1. Looking at residue 61, is it open to solvent by 50 Å² or more (accessible area, probe 1.4 Å), more than 21 Å from residue 31 (Cα to Cα) and either out of contact with any Leu (no Cβ under 9 Å at 6 or more places or on another chain) or not hydroxyl-bearing (Ser, Thr, Tyr) (or both)?
2. If we keep just the residues of region 76-108 that are small (Gly, Ala, Ser) and modelled with pLDDT under 95, which is farthest from residue 16 (Cα to Cα)?
3. State which residue is surrounded by the fewest Cβ atoms within 10 Å (Cβ to Cβ) when the search covers only region 76-114 and only residues that are among the basic types (Lys, Arg) and under 23 Å from residue 25 (Cβ atoms).
4. Go through region 64-75 and give me each residue that's open to solvent by 20 Å² or more (accessible area, probe 1.4 Å) and either modelled with pLDDT under 95 or not polar (S, T, N, Q) (or both).
5. Write out, first by first residue and then by second, each pair whose Cβ atoms fall under 9 Å of each other, whose residues are 6+ apart or on separate chains, and whose first residue, in region 45-57, is under 19 Å from residue 110 (Cα atoms) and among the acidic types (Asp, Glu) while the second is assigned to a loop (DSSP other than H, G, I, E, B) and modelled with pLDDT of 95 or more.
6. Give me the strands (runs of 3 or more DSSP E) completely within region 1-104, filtered to those with at least 3 residues that are closer than 30 Å to residue 115 by Cβ, ordered by residue number.
7. Could you count how many residues in region 22-33 are within 15 Å of residue 93 (Cα to Cα) and surrounded by fewer than 18 Cβ atoms within 10 Å (Cβ to Cβ)?
8. For region 34-58, give me the residue count where each residue is open to solvent by 60 Å² or more (accessible area, probe 1.4 Å) and basic (Lys, Arg).
Amino acid sequence: QVQLVESAGGLVQPGGSLRLSCAVSRSIFTVAAMGWYRQGPGKQREFVARITNSGTTEFANAVKGRFIISRDNAKNTVQLQMNSLKPEDTAVYYCNARSLGRDDWGQGTQVTVSS
């Protein structure tokens with residue numbers, strides 16, 4: 001099992017940027033893929049971005065070109081850089097670790113995009 005702890009989210013104006021970080025309890029080399037998901041008000045949880053342990057990235061169409069996912073192998077962290085934020089990006093963001101068919105989740109962090 002992997003423990004995941006997200007950094008605090010926050011309130012940001014439309015067009016602004018915010019960076020989320022996820023601390024992983026063990027070497028992320030042992031995790032096949034790290035990702036971010038989100039759940040907006042009244043919506044189901046949805047995929048946002050993923051990075052594999054080989055560095056391959058994947059993004060949801062809604063965030064492609066605006067969000068960047070990266071990993072710091074030395075610090076066992078995964079970051080989500082969110083740019084050009086829109087009100088529809090408002091959601092609770094969850095860090096995800098996927099390996100050997102198992103999903104582990106962080107507790108979630110609130111991101112609100114509003115003027």
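1. Working: open to solvent by 50 Å² or more (accessible area, probe 1.4 Å): yes; more than 21 Å from residue 31 (Cα to Cα): yes; either out of contact with any Leu (no Cβ under 9 Å at 6 or more places or on another chain) or not hydroxyl-bearing (Ser, Thr, Tyr) (or both): yes.
For residue 61, the condition - open to solvent by 50 Å² or more (accessible area, probe 1.4 Å), more than 21 Å from residue 31 (Cα to Cα) and either out of contact with any Leu (no Cβ under 9 Å at 6 or more places or on another chain) or not hydroxyl-bearing (Ser, Thr, Tyr) (or both) - is met.
2. 101
3. For region 76-114, the residue satisfying everything is 102.
4. Correct list: 64, 65, 66, 68, 71, 72, 73, 74, 75.
5. Correct list of pairs: 46/40; 46/60; 46/62.
6. Fully inside region 1-104 and qualifying: 10-12, 18-24, 33-39, 46-52, 67-72, 77-82, 91-99.
7. Here the count works out to 1.
8. Total satisfying the criteria: 2.
The values are calculated or read from the model by the stated rules, or taken from the named source; none is laboratory data. Please read these numbers as outputs of a predicted model, since none were measured by experiment. Positions of Cβ are backbone-derived with ideal geometry, glycine not excepted, and every protein chain shown enters the neighbour counts. SASA here: full protein model, heavy atoms, side chains in, ligands and nucleic acids out. Shrake-Rupley method; radii C 1.70, N 1.55, O 1.52, S 1.80 Å.
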